[in-house]
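The values are calculated or read from the model by the stated rules, or taken from the named source; none is laboratory data. In this text the structure is predicted, and so the values were computed from the model without any measurement. A quick note on method: Cβ atoms are made from the backbone with ideal geometry, for glycine too, and the neighbour counts reach across all protein chains shown. The accessibility values were calculated without ligands, DNA or RNA, using every heavy atom of the protein model including side chains. Shrake-Rupley method; radii C 1.70, N 1.55, O 1.52, S 1.80 Å.
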Amino acid sequence: MSVGHPDAILATGGGGQLGHHLARSAGARAGARVVALGRRELDLTDPGSIAAALDRHRPRVVINAAAYTDVDGAESDEAAARAVNAAGAGSLGLACRDRGIRLIHLSTDYVFSGEVPGGGDPATAPGVEPDDPTGPATAYGRTKLAGELAVLAAHPEATVIRTAWVYTGPGRRGQGLSGSDFVDTMARLEGQRDTVSVVDDQWGSPTHAPTLAAAILEMVALEADGAVDTRGLVLHAAGSGRATWCEVARRTFAHLGADPDRVTPCTTADFPRPAPRPAFSVLSGRSWEDAGLAPLPDWGESLRAALASAPGVVGAASSSSPLR
């Protein structure tokens, strides 16, 4: 392999949703070049692997989209999660700082407690801000918070971007992405089951992975032009608005031309998991806009676009849809 271009953007986690879409989005943007590396090419648990990859590709910017994301698995093996999410992130921060490389680190809503700030109604309560108190209730959240701290300690000019409820949708199958996500699963179950029960007491900010990738690349481009400066900041970037998982599922069914009432609400208690899920993961986009960046679109519009562009999907729901 030839030596990389010094203006390239390197993304870790190339086998995951965001790393994949960073590379795809770059192809659609003039002048953007993203090299997306998987674990075989850049292993965050191996400082030697990190150094070799950075020296080989000589990127101007690194976007760390790699993480141990098995939320339930981390409960029984927190050490494995910490090796990637905390120690690995810190090692990457140090390596980037020593080489003068700009670093953007992706984090998660799980660094918060999952409770509504100040109590109140989750349907109307203010979204969580970057400077709100953290208090992760899971091993995954603890390791991701430790990773944020490690990155900023090693590389104070790095930027941390927290996001939530990331999905690609059924189009992932035609893009070579392994695994599944919530929207993809709901689209599949619509064709397999008469009804589906979905949790209706967890609130969050559904985030379309390709849209998030494009927003991050736009941030990088604006920084290169001197239009914005997010160095040293912690920002929230997620789909605008809020929803419960049940609402996302019902909208998915409606956009597929199916009856949304086939999705029946249930509670978190009906589906116990090893790791508790946050009841409230609505991220405020104020910090993103205050930095001079365009807000991400409304989650519902992004969902509609994701389903309309997926192969084999009927298309958007008609204007008579009760969930429009």
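Just wondering, is there one or more residues in region 140-160 that are within 25 Å of D298 (Cα to Cα) and either in contact (Cβ under 8 Å) with a residue 24 or more places away in the chain or among the basic types (K, R) (or both)? Checking region 140-160: at least one residue is within 25 Å of D298 (Cα to Cα) and either in contact (Cβ under 8 Å) with a residue 24 or more places away in the chain or among the basic types (K, R) (or both).
What are the pairs with Cβ atoms under 6 angstrom where one residue, in region 222-248, is in contact (Cβ under 8 Å) with a residue 60 or more places away in the chain and the other, located anywhere, is open to solvent by 60 Å² or more (accessible area, probe 1.4 Å)? Sequence gap at least six, or different chains. Listed pairs, sorted by first residue: R231/E157; G232/P156; G232/E157. Within region 184-200, residues that are farther than 20 Å from P272 by Cα have Cβ atoms under 7 Å from residues that are part of a loop (DSSP other than H, G, I, E, B) and open to solvent by less than 70 Å² (accessible area, probe 1.4 Å) in these pairs: D184/T168; D184/G169; A187/G169; A187/L256; E190/L256; E190/A258, counting only partners at least 6 apart in sequence or on another chain. Report, by residue number, each residue of region 199-210 that is surrounded by fewer than 22 Cβ atoms within 10 Å (Cβ to Cβ) and either within 16 Å of the chain's Cα centre (by Cα) or not polar (S, T, N, Q) (or both). The answer is V199, D200, D201. Counting only residues that are within 16 Å of Y140 (Cα to Cα), in a loop (DSSP other than H, G, I, E, B) and in contact with a Leu (Cβ under 8 Å, 6 or more places away or on another chain), region 64-117 holds 3 of them.
For region 134-193, taking the residues that are of a type in the set (D, E) and outside any helix (DSSP H, G or I), the one that is surrounded by the fewest Cβ atoms within 10 Å (Cβ to Cβ) is identified as E157. Pairs linking a residue in region 262-284 that is closer than 18 Å to A74 by Cβ to a residue that is part of a loop (DSSP other than H, G, I, E, B) and β-branched (V, I, T), with Cβ atoms under 6 Å and 6 or more positions apart or on different chains, are A275/T138. Scanning region 89-106 for residues that are open to solvent by 10 Å² or more (accessible area, probe 1.4 Å) and touching a Ser or Thr at 6+ places or on another chain (Cβ under 9 Å) gives S91, R102, L106.
Annotation note: of G93, G88, the sole residue that is touching a residue at least 40 places away in the same chain (Cβ under 8 Å) and in contact with a His (Cβ under 8 Å, 6 or more places away or on another chain) is G93.
Restricting the search to region 248-266, which residues are among the β-branched types (V, I, T) and open to solvent by 10 Å² or more (accessible area, probe 1.4 Å)? Matches in region 248-266: T264 only.
If the condition is being over 27 Å from P210 (Cβ atoms) and basic (K, R), then region 132-189 contributes only R142.
Within region 273-291, does at least one residue satisfy the condition of being modelled with pLDDT under 95, open to solvent by 50 Å² or more (accessible area, probe 1.4 Å) and part of a helix (DSSP H, G or I)? No, every residue in region 273-291 fails to be modelled with pLDDT under 95, open to solvent by 50 Å² or more (accessible area, probe 1.4 Å) and part of a helix (DSSP H, G or I).
Taken over region 107-122, the criterion of being at pLDDT below 95 and open to solvent by less than 60 Å² (accessible area, probe 1.4 Å) is satisfied by V116, P117, G119. Only one entry of L303, L296 meets the criterion of being at pLDDT 95 or above, touching a strand residue (DSSP E or B) at 6+ places or on another chain (Cβ under 8 Å), open to solvent by less than 70 Å² (accessible area, probe 1.4 Å) and in a loop (DSSP other than H, G, I, E, B), and that entry is L296. When every residue of region 55-69 is checked against the conditions, at least one turns out to be in contact with a Ser or Thr (Cβ under 8 Å, 6 or more places away or on another chain), under 15 Å from A275 (Cα atoms) and open to solvent by 20 Å² or more (accessible area, probe 1.4 Å). What tally of residues in region 221-247 results from selecting those that are within 17 Å of the chain's Cα centre (by Cα), buried (at least 19 other Cβ atoms within 10 Å of the Cβ) and assigned to a loop (DSSP other than H, G, I, E, B)? Counting residues in region 221-247 that are within 17 Å of the chain's Cα centre (by Cα), buried (at least 19 other Cβ atoms within 10 Å of the Cβ) and assigned to a loop (DSSP other than H, G, I, E, B) gives 4. Could you please find all residues in region 57-94 being within 23 Å of T230 (Cβ to Cβ) and β-branched (V, I, T)? Within region 57-94, V61, V62, I63 meet the criteria.
Of the numbered criteria (1) under 22 Å from G73 (Cβ atoms); (2) open to solvent by less than 50 Å² (accessible area, probe 1.4 Å); (3) part of a loop (DSSP other than H, G, I, E, B); (4) of a type outside the set (S, T, Y), the one A125 fails is (1).
Whether a residue is open to solvent by 20 Å² or more (accessible area, probe 1.4 Å), assigned to a helix (DSSP H, G or I), at pLDDT 95 or above and farther than 21 Å from G15 by Cβ was assessed, and E218 passes this test.
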